[in-house]
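To start, the structure itself, in structure tokens.
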Amino acid sequence: MFRGSSYHKNVIFGKRTVKDGEVCSLWTLEGRQKVIKGPKRQWIWRSSVRFLERVVAHQHQYLVVQHANGILEHIQGPKTMYVDPVQHVTIKVKDSVDVDSFEVLVVYTEQALGQPSSSKIADTELQNTSPLATSSQVHRRLVHGPTTFTPTANERIQHFAWHQQKAESVPSESRSSSGSSTPRKPGIEKFTKLSLLQQQQYVTVSDVITSDNVKIAVNLMIFYQCTDVDKMLDATNDPTGDFVNAVCADIMTFASGNTYQSFLEKTSSLSGKDIYPTLMQRAEAVGFCINKVIYRGYQGTDHMQKLHESSVKSRAELQVSAEEVSQKEKLKTLEEKSRAERAEAQRREEAASQEHIFKMELDKHRHNLELNNRKHEENLRQADEEHQQKLTQAVSVAKEHINHLSSMKAAGVDITKLVIGQLQAQSRSSASHNPDKVIQIQTGGNFSDIFRNLEAEQDINPTF
């Protein structure tokens, strides 16, 4: 275990072991100091022993060294030092400032006239350093992230203390029973890193008087964003306080031109930016942009609140009654519409059924007609075939008869007498029958002419 500044002994004669990592300071009776760095075993004679406090800073820290001669020095870590009361007043460890990409630091650098810009002074030079000049210059610069910033001894980071609504007025907290708004307290939001992102602020504008002398408090939420840091630093030290004052002026102006009832009817316009000209102008003047303003409701006196709640209840009851009547009318209209739709659907169904029946009858009639046509065509074809067969048979019989007559004629038979005799015989067989025609064949030789004459006749007797 390492010994620190709490170890302080007066030794007449003895020894002390100074371990590695420890530093011991010996004071003799004459008041002279001797610094012993470990590891070492030191014999002591009539001296005061005191171990020095070790101070360590890692890479994201730095040491603030206040030297005994009044010089202030910042040493970037990693670094280990021992607090020597002869050389140092204090040595403190501080963290470097981590700056994100959306943040910015405002750093002021004080440069003494005639002094080098470097603030680091070697230990060997501390004793001979001349006093600083009485006059100096201060320069301001902005440090944008992402970075880790370590200030030098002649640099300081600006601390902001802006206006912010008290925690009791945040929406999660309940309103006071008296209905009054929570007072605003400036300077309770303290920080060093200025955010360039959009921020929001809850604002309650109290003691707002309408044109009919009704006192209310209006709750708002302002969304703002810093667009020009240098302009803001030159114009104001509390921009959010300026926003609160500006929005109070705008709300007061708006309420003075409206009665309590008309104010309630126009609360939707409070969520725009048109009624906040003072706020917009002030934001532009201090390097900010107001993105939007949201209306979060209002607070009135208990009496006005009760009257308003009663009015709201009455309007709600009337609205419910109107909705009931409207629902009944809609239900009646819906029922009539449903009946009409059902009747129309039934009519379409019956029409479709009749159309289907008519189509089936038409298809049946067409089928029967087609069958009759096919049957008639078949009968005609069969009759034609029978007629052709009979005609062919008659022609064949006539040819055979002609051939027979030709052979008989060749044998010397008188064909005319033969034919006449056959016709007479047929006539006698039927007393009432008279021959329609008598064919007398007189030819000198070729019976083909006779055959052609027979074919020319339309009525050929098959037995002839």
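Name the residues whose placed amide hydrogens come within less than 5 Å of the amide hydrogen of residue 259, ignoring near sequence neighbours (fewer than 5 apart) on the same chain.
211
Using modelled amide H (1.01 Å from N, peptide plane; none on Pro or chain starts), what sits under 5 Å from the amide H of residue 7, excluding residues fewer than 5 places away?
The list, which skips near neighbours in sequence, is 51.
Report the extension gain between residue 71 and residue 292 in nm, rounded to one decimal, defined as 0.36 nm multiplied by the number of residues separating them, less their alpha carbon distance.
Details: separation 221, 0.36 × 221 = 79.56 nm, distance 5.00 nm.
Here the segment from residue 71 to residue 292 would lengthen by 74.6 nm.
What's the center-to-center distance, using Cα atoms, between the stretch 397-411 and the stretch 5-73 in Å?
172
What does the charge count near residue 335 come to, summing +1 for each Lys or Arg and -1 for each Asp or Glu among other residues with Cβ under 14 Å from its Cβ?
On the way: positive: 328, 330, 332, 337, 339, 342; negative: 329, 336, 341.
Neighbourhood net charge equals +3.
Could you list the GluC sites (Glu not before Pro) in the stretch 22-76 that lie in coil according to DSSP, counting only those with at most 13 other Cβ atoms within 10 Å of their Cβ?
Working: sites: 22, 30, 53, 73; in loops: 22, 30.
Listed in order of number, the matching sites are 30.
With charges set only on the Cβ (+1 for Lys and Arg, -1 for Asp and Glu), what does the dipole of the stretch 38-98 come to about its Cα centre, in debye to the nearest 20? Please list the in-between numbers first.
On the way: 8 positive and 5 negative charges, 92 e Å.
Value, rounded to 20: 440 debye.
Give the residues of the stretch 338-352 whose amide nitrogen is closer than 20 Å to a point set 7 Å from the Cα of residue 366 in the direction of its Cβ.
352
Find how much the distance from residue 426 to residue 190 grows on full extension, using 0.36 nm per residue of separation minus their present alpha carbon separation; answer in nm with one decimal. Numbers along the way, then the final one.
Values: separation 236, 0.36 × 236 = 84.96 nm, distance 15.29 nm.
Length difference between fully extended and current span is 69.7 nm.
If you add up the charges near residue 197, with Lys and Arg at +1 and Asp and Glu at -1, over every other residue whose beta carbon is less than 14 angstrom from its beta carbon, what do you get? Before the final figure, lay out each step's value.
On the way: positive: 193; negative: 100, 103.
With Lys, Arg at +1 and Asp, Glu at -1, the neighbours total -1.
Under 23 Å from the Cα of residue 328, which lysines turn up, not counting those fewer than eight places away in the same chain?
313, 337
What residues have an amide H closer than 5 Å to that of residue 77, excluding those fewer than 5 places away on the same chain, when H is modeled at 1.01 Å from N in the peptide plane?
The list, which skips near neighbours in sequence, is 61, 62, 63.
Quick one: length gained pulling residue 349 to residue 158 fully straight, 0.36 nm per residue minus the C-alpha distance? Mind showing how you got there, number by number?
Details: separation 191, 0.36 × 191 = 68.76 nm, distance 8.65 nm.
Difference between extended and current length: 60.1 nm.
What ranking do 80, 236 get, fewest neighbouring Cβ atoms within 10 angstrom at the top? Don't skip to the end; give the middle numbers.
Numbers: 80 11, 236 18.
The fewest-first ordering by Cβ neighbours comes to 80, 236.
Please tell me which of these pairs span more than 19 angstrom C-alpha to C-alpha: 9/92; 215/306; 37/94; 390/417; 34/79; 9/37?
Long pairs (Cα-Cα over 19 Å): 9/92; 37/94; 390/417; 34/79.
Read-outs: derived from the displayed coordinates by stated rules, not from any lab. What you are looking at is a predicted structure, and each value in this text was computed from that prediction instead of being measured. Reconstructed Cβ throughout: ideal geometry from the backbone, glycine too, with neighbour counts over all protein chains shown.
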